[in-house]
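Note sheet for the following structure.
Taken together, the values in this text are just the output of simple stated rules run on the coordinates, not laboratory data. If you're wondering where the values come from, they're calculated on a predicted model, not measured in any experiment. FYI the Cβ positions are ideal-geometry reconstructions off the backbone, even for glycines, and counts take in every protein chain you see.
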Amino acid sequence: MNFPILSTLIFLPLLSSIFIFLSKDKTNNLSSIYISLFSSTATFFLSLFLWYSLDLTSSDFQFVEEKNWINNFIKFKLGVDGISILFIVLTTFITPICIISCLNSVKVRVKEFLIAILILETFMIGVFCSLDLVIFYLFFEAGLIPMFLIIGVWGGPKRVYSAFKFFLFTLLGSVLMLVAIIVIYWLTGTTDITQIYEIKIPKEYQNILWLAFLSSFAVKMPMWPVHTWLPDAHVEAPTAGSVILAAILLKMAGYGFLRFSIPMFPFASEYFTPLIYTLSIIAIIYTSLVALMQDDMKKLIAYSSVAHMGYVTLGIFTMTKQGIEGSIYQMISHGLISAALFLCVGVVYDRLHSRMISTYGGLLNYIPKYSFLFIVFALAALGLPGTSGFLGEFLVLTGAFQKSYLAAIFATFGVVLGAAYMLWLTKRVIFGSVSNSEIRNLNDINKLEILMLVSLAFFIIFFGFYPSPLMETFSVSVNSLINNYETALISN
Amino acid sequence: MIFNLNILLPEIFLSLSIFSILMIGVFLKNSFNLVFNLTSLIIIITASIILSSSNNEEKIFSESFTRDGFSNYFKILILLSSLFVLNSSKDFIIDNKLDKFEYPIIILLSILGMFFMVSANDLILFYLGLELQSLSLYILASIDRDNLRSTESGIKYFVLSALSSGLLLYGCSLLYGFTGSTNFESIANQLNKDNTGAVFAMVFILVGLAFKVSAVPFHMWTPDVYEGAPTSITSYFAVVPKVAGLALLIKFMFIPFSNILLEWQTIIIFISIASMILGAIAAMVQKNFKRLLAYSSIGHIGYALAGVATGAISGYQSAIVYISIYVIMNIGAFSCLYLLKKDGEYKENISDLSGISKKHPLLAISLLIILFSLAGVPPLGGFFAKFYVFVAVLEKEMYALAIIGLLTTVMSAFYYLKIIKTIYFDDSLITFEPNKNRIAQISIFTSCTILITFFLYPSILNNLVNTLFTN
């Protein structure tokens, strides 16, 4: 019996949140902060160790843990492969940053906030580790509770509306997935996905089940036209909430496509590819145009997230090696870049309590360190070569050109639009004339903020120049994904 | 003829103790406390008698009374939930001057009635048990007799319930007329699809039972009675009679009507869908917490009935698991109401809960857990209850029922979220008195612990319930 490293990884944050709950500091919450920082960094290093010890030459699931859970029915099964490990590391990397960021921005009920973040981390790691549909659903949905509270308790003025919209949209999308999961159980007699891959779901059921899964993933992704909850949730959530939402929660759906929709329903995935192309292109073009028109920084970044996720769906369903690898790369890099951008907005929001673009302008002369980092992240978001944002989009477009010229051409327009809104945002916020006298008195970023932003900037640039650590991690798994998909299509 | 009275031991013990404590109550002055404590003791002893008895099926009195795993499970559930409901409401009873010694005795009488209901294997015994239970409940609903609303709710309940009992009795007599027997097994042997009269009888019986579990369209009394009756009574109404009613529904479907399942199923599906939808929609606009819980209980009965509607053993099992978790959640929810005391008055409006997360963080987080569990969000206990039901429903390929059920889950999540919003997002208005009602706190704690830790071993209830249908 090996050491259950994945369970440890999942339940370590939960355990530490219990400690925080029981800790008794009333005045300055120091012990809660230390416990949460310590446990989240420990989780991060544990996940790094996991990444290090993963056998990258094999596409099988590793560190598999299996335990009887519901008798003769569902096993509590965990495991990782080259794709999921990256998302786990992303989660454990972003969480400590969120905790650091809340030291500046969260003033009330700090203890509860830390508990919510840690519980959320447990559920997010659980999503990426689970090898059973029911366990996946459990973690996928459970994340709604802490996120609902994070938006609702610590959010902005319209927080109630946004929290409700977020919760109900996501729940509505997921219930159909639950029906599909149970139907799969009755069709195949198991919910263990490695067994479902072997058994293969009958062709006539695939389309309807695929759509049920899509209803959940499309909301979570979010894809046009069910993306409307995202800008609201982002705008109202506190900084740490926006960061987690953009960096990790949105990736669950992309991961879900790769892990569930494509391998389980290859025929349906092929059948619905044009639909996904259409929705992705609309997402890329339309939401980029909407982003151009925003005067709220968070809303602009939120719409840009929808556009970037459009590349992800487009890339996944090209079913080419470049497309899928580009999508995964894009998800990881978007996780870092959007997190950094939301943190940047949070930094100035903490000082001036405004997210409006018009409040700012001419920051460069007064807070130069901040302005420099902001420009780096903005350039990364528009996909400048040398940043991680470039490679993802480039690979996705390469994949798309192999399959559909039309889709690829439209998607390329999106890149131009992306450059437009990001550059315009930078121009209005960082450069230009000083519109607000308070800007002259702004303090530049402090050490904690430098720590957060520079560590993100480092990885964004590092992976921009040297992508192979990521590429090598998922390349074997992606190859086997595509092989299985193609053999499934040929076999019939 | 020699009867093995051991089979009847819990009922005999319960009746004798009721008479003895009635005497104590009559002859001793100010005996509420004594009678109350004795009642708890009696409940515990009865439960231990049942626990020590065997689960093998045995019948007595011309096969009119059955003792088996099924009836034992429900009796234990009834006893335990009554114990929690009764004890956590003790302070409330005293504060509201309801501390008459008859109160616990009537509760015991209704328990006795439910014992006969779940053990009945004969129409006559079943009806007698039902009436004993109903009569006790009429009195309980109007026990606060100086209060206009309590009296009104008692009368309302009495009139409507008497009507439904009449319909039920008419159904029973029709059934006897068309099958020539009152015994469940012989009825089952006599019935077939061509026996139109029996199908008629079935409809009447179903109306009566649906009334008892307050399923739509026979739910009209529920909100008014829940709101009007004192909270301690409401919590009893919301939990215990529902368990007995559902047990009867399952039993009727399992034994006497097993041959006309299809006819019976159609009606149950309709009732189930109607209950789920009405429960979800009507609860959205409620301002009174008790009234909201009334509508939410209508919705929950809808889910349990969805399990029953499958007409398969796995479905019945899922319904039993569902009602068990429902009981746990509702005991927790009502116990929270006993802690909302301000200036000697118990608050029951949702707006009174606003901002309690700041001043009463533990109460707030308990309510949070219970409400999310009621909404069926994983990983809490309420999710597994719904999950098992839908697994059973989809096994029978009743896709429409499952999808409607899950969509109403989303609708009902809305009003649970509204309460959570009041608790966590709004500013605080009221500081409640520090409450020393330890037993209510223990109930809340137990219920929350079960709901949170349920995911560690989610098949615990299933394993128990699986054994009930082996014979």
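Roughly how big is chain A's charge dipole about its Cα centre, with Cβ charges of +1 (Lys, Arg) and -1 (Asp, Glu), in debye to the nearest 20? Please list the in-between numbers first.
On the way: 27 positive and 26 negative charges, 241 e Å.
It works out to roughly 1160 debye.
Residue A:420 to residue A:271: FRET efficiency via 1/(1 + (r/R0)^6), r the Cβ-Cβ distance, R0 41 Å, to the nearest 0.05?
Numbers: r = 35 Å, r/R0 = 0.85.
It comes to 0.70.
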Would you mind checking the tilt of helix A:159-188 against the longest principal axis of the Cα atoms of chain A, expressed as 0 to 90 degrees and rounded to 10? 10 degrees
Is there a pair in A:299/B:421; B:75/B:100; B:100/B:421; A:447/B:418 whose C-alpha atoms are over 29 Å apart, and which pairs would that be? B:100/B:421; A:447/B:418
Region B:253-374 - percent relative contact order, Cα under 8 Å, separation 6 or more: 21 percent
Using alpha-carbon coordinates alone, the radius of gyration and Dmax of chain A in Å work out to 21.5, 69
Using only the Cα atoms of region B:55-189, what are the Rg and Dmax in Å? 17.4, 54
Does region B:191-290 classify as rounded, prolate or oblate by the C-alpha gyration tensor (a ≥ b ≥ c root eigenvalues; a/c under 1.5 gives rounded; else a/b over b/c gives prolate, otherwise oblate)? prolate
Regarding region B:113-258, what are the three Cα extents along the principal axes, ordered largest first, in Å? 51, 24, 20
C-alpha long axis of helix A:468-491 to longest principal axis of chain A, angle in °: 40 degrees
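How much net charge surrounds residue A:226 when only other residues with a Cβ under 14 Å from its Cβ are counted (Lys, Arg +1; Asp, Glu -1)? Don't skip to the answer; put the middle values down first.
Numbers: positive: A:165, A:220; negative: A:232.
Every neighbour counted, the sum reads +1.
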Once normalised by the length of chain B, the mean sequence separation of its alpha carbon contacts under 8 Å that are 6 or more apart gives a contact order in percent of 14 percent
What is the Cα coordinate range of region A:67-143 on the first, second and third principal axes, sorted by size from largest, in whole angstrom? 48, 27, 16
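Taking a ≥ b ≥ c as the square roots of the eigenvalues of the Cα gyration tensor of region B:264-327, is the shape rounded (a/c under 1.5), prolate (a/b larger than b/c) or oblate? Intermediate values should be presented prior to the final figure.
Numbers: a/c = 4.26, a/b = 1.71, b/c = 2.49.
In terms of gyration-tensor shape, oblate.
Output the relative contact order of chain A, whole-number percent, from Cα pairs under 8 angstrom with separation of 6+ residues.
For chain A, the relative contact order is 15 percent.
Is the shape of region B:319-471 rounded, prolate or oblate, going by the alpha carbon gyration tensor and its root eigenvalues a ≥ b ≥ c, with a/c under 1.5 for rounded and a/b larger than b/c for prolate?
Values: a/c = 2.87, a/b = 1.75, b/c = 1.64.
Prolate shape, in that a/c is at least 1.5 and a/b is the bigger ratio.
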Give the cross-link partners of residue A:220 among the aspartates and glutamates, using a straight C-alpha distance below 20 Å as the criterion and excluding same-chain residues fewer than 8 apart. A:121, A:132, A:141, A:232, A:236
Dipole check, the protein assembly as shown, charges on Cβ (K,R +1; D,E -1), about Cα centroid: among A:271, A:30, A:484 the Cα furthest to the positive pole belongs to A:30
Per residue of chain A, what 222 nm ellipticity follows from adding -39500 (n - 2.57) for every DSSP H run with n ≥ 4, rounded to the nearest 500? -24500 deg cm²/dmol
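Determine Rg/Rh for region A:1-145; Rg is computed over alpha-carbon atoms and Rh is the Kirkwood hydrodynamic estimate from the same atoms.
Values: Rg = 16.0 Å, Rh = 15.9 Å.
Ratio of gyration radius to Kirkwood radius for region A:1-145: 1.01.
With Rg and the Kirkwood Rh both taken from Cα atoms, where does Rg over Rh land for region A:403-492? Write out the running numbers ahead of the final one.
Details: Rg = 21.9 Å, Rh = 18.4 Å.
Value, to two decimals: 1.19.
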Which value results for Rg/Rh of region A:108-244 when Rg is the Cα radius of gyration and Rh the Kirkwood radius based on the inverse mean 1/r? 1.04
Scaled to the compact-protein estimate 2.2 N^0.38 Å, what is the alpha-carbon radius of gyration of region A:279-367, rounded to two decimal places? 1.28
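Relative to the compact globular guide of 2.2 N^0.38 Å, what is the alpha carbon radius of gyration of region B:239-387, as a ratio?
Details: Rg = 17.1 Å, N = 149, 2.2 N^0.38 = 14.7 Å.
Output field value: 1.16.
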What's the angle, to the nearest 10 degrees (0 to 90), between helix A:321-352's Cα axis and the longest principal axis of chain A? 30 degrees
Alpha-carbon centroid distance for the pair region B:23-90 / region B:405-429, whole angstrom: 36 Å
What are the aspartates and glutamates whose alpha-carbon lies under 15 Å from the alpha-carbon of residue A:111, with same-chain residues fewer than 8 places away excluded? A:25
If each part is reduced to its alpha-carbon centroid, region B:313-389 and region B:431-446 end up apart, in Å, by 14 Å
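Over all residues in B:352-361, what is the mean tally of Cβ atoms on other chains that come within 10 Å of each residue's Cβ?
On the way: counts 0, 0, 0, 0, 0, 4, 2, 0, 0, 4.
Mean partner shielding for this stretch: 1.
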In Å and from the alpha-carbon atoms only, list the Rg and Dmax of the protein assembly as shown. 30.5, 105
With N residues in region A:248-303, Rg(alpha-carbon) / (2.2 N^0.38 Å) equals 1.44
For region B:337-426, max minus min Cα coordinate along each principal axis, in Å, sorted largest first? 54, 22, 19
Can you give me the P(r) profile for region A:166-227? Cα pairs, bins 10 angstrom wide beginning at 0, each as a whole percent. 23, 47, 25, 5
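Taking a quarter of the surface of the convex hull around the Cα atoms of chain B, what do you get in nm²? Don't jump to the answer; show the numbers that get you there.
Working: hull surface 84.8 nm².
With the hull built on Cα positions only, its mean projection is 21.2 nm².
Give me the orientation-averaged projected area of the Cα convex hull of region B:127-178, in nm², one decimal.
Working: hull surface 12.9 nm².
Quarter of the Cα hull surface area: 3.2 nm².
Around residue A:450, under 13 Å between beta carbons, what's the net of Lys plus Arg minus Asp minus Glu among the other residues? Each step should come with its number before you reach the end.
Values: positive: A:369, A:447; negative: A:444, A:449.
Around residue A:450, the charge tally is 0.
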Treating each Cα of region B:19-87 as an identical point scatterer and ignoring solvent, apply the Debye formula and state log10 I(q)/I(0) at q = 0.11, 0.17, 0.20 Å⁻¹. -0.38, -0.73, -0.86
